[in-house]
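Engineer: Mind having a look at this structure? Questions to follow.
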């Protein structure tokens, strides 16, 4: 018997589309009141998982419970307690922002003027008051996303699921989305969000599950995950693309990590946990007369996470990095 | 040991408005009741008409064109004078106009699925059929507006219904019942076909023969025997004949009962399939 301490609990969850096992035996346990992130590339099965948990599609195998309610047998109770903001803005483009939110507020049980009032408050909170009476088709990507999230908050859901809430957003809009997530956690809502960015998962989530080909390949706190994949990555841009192979070879030798050559012919990156070693290696390269235009220490990208966990970069339609032959 | 330069966790100033709006939200309830949810979706159709008046242009321009074209192009050749033909064809023009509009039910639903609004609606804690039934109710208004236009333009060019206002109201009411039933079939199409454009294609192929090969525009007696057989079986023929009786002031109880029965059968047959597809759709 499952109980309310788990906001989401899945056991052996499976969904098959034809020959493709989109979700292939997923066990998740999301504690109530936390932010949980599902990290993975395009096509890893993140959206399919979310749609099963939100009662939109039926699992082909295994079980999923939301706050103790089975998604197949108690779908109505599940729907009453969760809100879903899908990957594509699920708004009516022909209607105004105010009308969209009023509609959703009415569906969630607000009556008459109260629905409109709730819609106006949300527009204000999400900085959309000025656009309240404009049709959604005139909104920018960031505005749509904010309206879409506001649509999930006409009541205070116990569980909010956000499917890639910041994909394709500019940094400012992304900051606003993050801010909303933090505000929600403050009032006790559990948030499950999927993302392709390790940075986003790290910024927001208490726990992270890394998924690939419909399976969870790593799970734990952000700290534990970083212990697995390394805390940081060194990104370098050389002044002359002809120098890149030599710089890659030297860095690999000095830092003991495999360099990843970016699609940009002057860029490369590699795992780097020791800032002191990084400083020494960069100094040595400059002394040899190789020009470095720019460098930065940052968190590993999704590709680097996958390189560390599976030994190969994440696949998917996004431009992949190629592994350097050293 | 921390080595991040660029990934230092930034301290956001949480917007107080955002916090109070989120914290002030009522806890999740049970959602709107069946009737309220359905009416909310009907309201959405009205809002769409206001924002996309082109939708209504279809509903209004079409009948005007059809009424004028049929009356003045075919009228003289068919029954001797445009006026006499208008009297014969008006029930047909009315039926064709509105029956054609039913396919927009499928187009709208398909667009919702494509854009994701459908997922949002399906994850709400409401009576399951509410989005579909609400849309059909809203469409009734569009059908009524189109019918009013057909009668308006016909009256301008000299049409007078001997059945009086009662006859006109009866004919429109019968048409609405029939179209409500037929719309369930369009919901099935909207849930099965891949894109809104494909929906339009499929619909036209079905609707043209259904409305033309009927008693709408020409008396079946003038057609070859094998066509006449189809015409007799065609439900649109029944609808047009019943409407003609009402408008001419000689209502035929048998025809009317048949249309109502047909509508009942279509609803009982198609509605469960549409709802099942809606619930199971992946």
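Engineer: Let me spell it out: the conditions are (1) more than 30 Å from residue A:50 (Cβ to Cβ); (2) at pLDDT below 90; (3) crowded, with 18+ Cβ neighbours inside 10 Å, and residue A:231 meets all of them except one. Which number is the exception?
Structural biologist: Single failed check for residue A:231: (1).
Residue by residue, here is whether (1) under 30 Å from residue A:30 (Cβ atoms); (2) more than 27 Å from the chain's Cα centre (by Cα) holds:
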site: A:222; (1), (2): yes, no
site: A:229; (1), (2): yes, no
site: A:239; (1), (2): no, yes
site: A:245; (1), (2): no, yes
site: A:249; (1), (2): no, yes
site: A:272; (1), (2): no, no
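Engineer: Of (1) more than 22 Å from the chain's Cα centre (by Cα); (2) modelled with pLDDT under 80, residue A:312 satisfies all except one. Which?
Structural biologist: (1) is the only condition that residue A:312 fails.
Engineer: Name the single residue that is surrounded by the most Cβ atoms within 10 Å (Cβ to Cβ) among those in segment B:37-46 being over 14 Å from the mean Cα position of the chain (by Cα) and under 17 Å from residue B:107 (Cα atoms).
Structural biologist: Here is the first cut: in segment B:37-46, the ones over 14 Å from the mean Cα position of the chain (by Cα) are B:37-41, B:43-44.
Narrowing the set further to residues that are under 17 Å from residue B:107 (Cα atoms) leaves B:41, B:44.
On the way: B:41: 23, B:44: 25.
The extreme case among them is B:44.
Engineer: Can you pull out every residue in segment A:16-49 that is within 19 Å of residue A:81 (Cβ to Cβ) and surrounded by fewer than 23 Cβ atoms within 10 Å (Cβ to Cβ)?
Structural biologist: Step one: filter segment A:16-49 for residues within 19 Å of residue A:81 (Cβ to Cβ), giving A:28-36, A:49.
Of everything in segment A:16-49, those that are within 19 Å of residue A:81 (Cβ to Cβ) and surrounded by fewer than 23 Cβ atoms within 10 Å (Cβ to Cβ) turn out to be A:28, A:29, A:31, A:32, A:33, A:34.
Engineer: Of the conditions (1) within 22 Å of the chain's Cα centre (by Cα); (2) under 18 Å from residue B:171 (Cβ atoms); (3) surrounded by fewer than 20 Cβ atoms within 10 Å (Cβ to Cβ), residue B:243 satisfies every one except a single condition; which number is it?
Structural biologist: All conditions pass for residue B:243, except number (3).
Engineer: Go through (1) within 19 Å of residue B:20 (Cα to Cα); (2) surrounded by fewer than 24 Cβ atoms within 10 Å (Cβ to Cβ) and name the single condition residue A:105 misses.
Structural biologist: Failing condition for residue A:105: (2).
Engineer: I'm told residue A:196 meets every condition in (1) within 11 Å of chain B (Cβ to nearest Cβ); (2) under 24 Å from residue A:38 (Cβ atoms); (3) touching a residue at least 40 places away in the same chain (Cβ under 8 Å); (4) surrounded by fewer than 24 Cβ atoms within 10 Å (Cβ to Cβ) except one. Can you identify the failing condition by its number?
Structural biologist: Status for residue A:196: all satisfied but (1).
Engineer: Residues A:8, A:50: which one is within 20 Å of residue A:190 (Cα to Cα), within 14 Å of chain B (Cβ to nearest Cβ) and either in contact with a strand residue (DSSP E or B) (Cβ under 6 Å, 6 or more places away or on another chain) or in contact (Cβ under 8 Å) with a residue 60 or more places away in the chain (or both)?
Structural biologist: Numbers: A:8 fails: within 14 Å of chain B (Cβ to nearest Cβ).
Checking each option against the conditions leaves just A:50.
Engineer: Would you please list the contacts, defined by Cβ atoms under 6 Å and residues six or more apart or on different chains, that run from a residue in segment A:135-146 that is free of Cβ contacts under 8 Å to residues at least 40 places away in the same chain to a residue that is part of a helix (DSSP H, G or I)?
Structural biologist: Note: pairs meeting the criteria are A:142/A:173.
Engineer: Separate question: Against the definition (within 14 Å of chain A (Cβ to nearest Cβ) and touching a helix residue (DSSP H, G or I) at 6+ places or on another chain (Cβ under 9 Å)), how does residue B:119 come out, yes or no?
Structural biologist: Values: within 14 Å of chain A (Cβ to nearest Cβ): yes; touching a helix residue (DSSP H, G or I) at 6+ places or on another chain (Cβ under 9 Å): yes.
So residue B:119 passes the test.
Engineer: Ok, one more. Any chance segment B:136-158 includes a residue that's outside any helix (DSSP H, G or I) and more than 28 Å from residue A:145 (Cβ to Cβ)? Steps first, please.
Structural biologist: The initial filter retains those residues of segment B:136-158 that are outside any helix (DSSP H, G or I), namely B:157-158.
Those still in the list that are more than 28 Å from residue A:145 (Cβ to Cβ) too: B:157-158.
Yes, segment B:136-158 contains a residue that is outside any helix (DSSP H, G or I) and more than 28 Å from residue A:145 (Cβ to Cβ).
Engineer: Quick one: how many residues across segment B:17-35 are closer than 16 Å to residue A:108 by Cα, surrounded by fewer than 20 Cβ atoms within 10 Å (Cβ to Cβ) and within 7 Å of chain A (Cβ to nearest Cβ)?
Structural biologist: 4
Engineer: Mind checking whether some residue in segment A:146-168 is surrounded by fewer than 22 Cβ atoms within 10 Å (Cβ to Cβ), part of a helix (DSSP H, G or I) and either at positive phi or out of contact with any helix residue (DSSP H, G or I) (no Cβ under 7 Å at 6 or more places or on another chain) (or both)?
Structural biologist: No: segment A:146-168 contains no residue that is surrounded by fewer than 22 Cβ atoms within 10 Å (Cβ to Cβ), part of a helix (DSSP H, G or I) and either at positive phi or out of contact with any helix residue (DSSP H, G or I) (no Cβ under 7 Å at 6 or more places or on another chain) (or both).
Engineer: Could you please find all residues in segment A:65-83 being more than 14 Å from chain B (Cβ to nearest Cβ) and in contact (Cβ under 8 Å) with a residue 40 or more places away in the chain?
Structural biologist: A:65, A:68
Engineer: Of all residues in segment A:151-175, count the ones that are within 24 Å of residue A:95 (Cβ to Cβ), under 15 Å from the mean Cα position of the chain (by Cα), at the interface with chain B (Cβ under 10 Å from one of its Cβ atoms) and modelled with pLDDT under 90.
Structural biologist: Qualifying residue count, segment A:151-175: 0.
Engineer: Report the residue count in segment A:34-54 for those that are assigned to a loop (DSSP other than H, G, I, E, B) and more than 9 Å from the chain's Cα centre (by Cα).
Structural biologist: Residues flagged as assigned to a loop (DSSP other than H, G, I, E, B) and more than 9 Å from the chain's Cα centre (by Cα) within segment A:34-54 amount to 7.
Engineer: State whether the residues of segment A:181-193 include one that is surrounded by fewer than 23 Cβ atoms within 10 Å (Cβ to Cβ), touching a helix residue (DSSP H, G or I) at 6+ places or on another chain (Cβ under 8 Å), within 9 Å of chain B (Cβ to nearest Cβ) and under 24 Å from residue A:45 (Cα atoms).
Structural biologist: no
Engineer: One residue is enough: does segment A:74-82 have a residue meeting the conditions buried (at least 20 other Cβ atoms within 10 Å of the Cβ) and part of a strand (DSSP E or B)?
Structural biologist: There is at least one residue in segment A:74-82 that is buried (at least 20 other Cβ atoms within 10 Å of the Cβ) and part of a strand (DSSP E or B).
Engineer: Any chance you could count how many residues in segment A:104-119 are more than 10 Å from chain B (Cβ to nearest Cβ) and under 30 Å from the mean Cα position of the chain (by Cα)?
Structural biologist: The total comes to 1.
Engineer: Looking at (1) within 12 Å of chain A (Cβ to nearest Cβ); (2) modelled with pLDDT of 90 or more; (3) buried (at least 20 other Cβ atoms within 10 Å of the Cβ), which is the one condition that is false for residue B:136?
Structural biologist: Single failed check for residue B:136: (1).
Engineer: Any residue that is buried (at least 22 other Cβ atoms within 10 Å of the Cβ), touching a residue at least 12 places away in the same chain (Cβ under 8 Å) and either more than 11 Å from chain B (Cβ to nearest Cβ) or under 22 Å from the mean Cα position of the chain (by Cα) (or both) - is there at least one of those in segment A:122-134?
Structural biologist: As a first pass, look at segment A:122-134 and keep what is buried (at least 22 other Cβ atoms within 10 Å of the Cβ): A:122-123, A:125-126.
Going one step further and asking which of them are touching a residue at least 12 places away in the same chain (Cβ under 8 Å), we end up with A:122-123, A:125-126.
Right, trim to either more than 11 Å from chain B (Cβ to nearest Cβ) or under 22 Å from the mean Cα position of the chain (by Cα) (or both) and you get A:126.
The answer is yes, given that some residue of segment A:122-134 is buried (at least 22 other Cβ atoms within 10 Å of the Cβ), touching a residue at least 12 places away in the same chain (Cβ under 8 Å) and either more than 11 Å from chain B (Cβ to nearest Cβ) or under 22 Å from the mean Cα position of the chain (by Cα) (or both).
Engineer: Here is a follow-up. Which members of segment A:135-145 meet the condition of being surrounded by 15 or more Cβ atoms within 10 Å (Cβ to Cβ), more than 12 Å from chain B (Cβ to nearest Cβ) and in a helix (DSSP H, G or I)? Break it down stepwise before answering.
Structural biologist: Quick first cut of segment A:135-145, residues surrounded by 15 or more Cβ atoms within 10 Å (Cβ to Cβ) only: A:135-136, A:139, A:142-145.
Then keep just the ones that are more than 12 Å from chain B (Cβ to nearest Cβ); that gives A:139, A:142-143, A:145.
Hits for segment A:135-145 are A:142, A:143, A:145.
Engineer: Residues that are more than 14 Å from chain A (Cβ to nearest Cβ), free of Cβ contacts under 8 Å to residues at least 60 places away in the same chain, out of contact with any helix residue (DSSP H, G or I) (no Cβ under 8 Å at 6 or more places or on another chain) and outside any helix (DSSP H, G or I): does segment B:66-78 have at least one?
Structural biologist: No, the conditions are met nowhere in segment B:66-78.
Engineer: While we're on this one: So, in segment A:259-274, exactly how many residues are assigned to a loop (DSSP other than H, G, I, E, B) and either closer than 9 Å to residue A:234 by Cβ or in contact with a helix residue (DSSP H, G or I) (Cβ under 6 Å, 6 or more places away or on another chain) (or both)? Full working, then the answer.
Structural biologist: The initial filter retains those residues of segment A:259-274 that are assigned to a loop (DSSP other than H, G, I, E, B), namely A:259, A:262-266, A:272-274.
The next check asks that each one be either closer than 9 Å to residue A:234 by Cβ or in contact with a helix residue (DSSP H, G or I) (Cβ under 6 Å, 6 or more places away or on another chain) (or both); those that pass are A:259, A:265-266, A:272.
Matching residues across segment A:259-274 total 4.
Engineer: If we scan segment A:19-26, do we find a residue that is within 14 Å of chain B (Cβ to nearest Cβ), out of contact with any helix residue (DSSP H, G or I) (no Cβ under 8 Å at 6 or more places or on another chain) and either in a loop (DSSP other than H, G, I, E, B) or in contact (Cβ under 8 Å) with a residue 12 or more places away in the chain (or both)? Outline the logic, then answer.
Structural biologist: The first filter runs over segment A:19-26 and keeps only residues within 14 Å of chain B (Cβ to nearest Cβ), leaving A:20, A:22-23.
Pick out the ones that are also out of contact with any helix residue (DSSP H, G or I) (no Cβ under 8 Å at 6 or more places or on another chain) and you get A:20.
Keeping just the survivors that are either in a loop (DSSP other than H, G, I, E, B) or in contact (Cβ under 8 Å) with a residue 12 or more places away in the chain (or both) gives none.
No, that holds for no residue.
The values are calculated or read from the model by the stated rules, or taken from the named source; none is laboratory data. None of these values were measured; they are calculated from a predicted model. Neighbour counts are summed over all protein chains in view; Cβ atoms, including those assigned to glycine, are modelled from backbone coordinates with ideal geometry.
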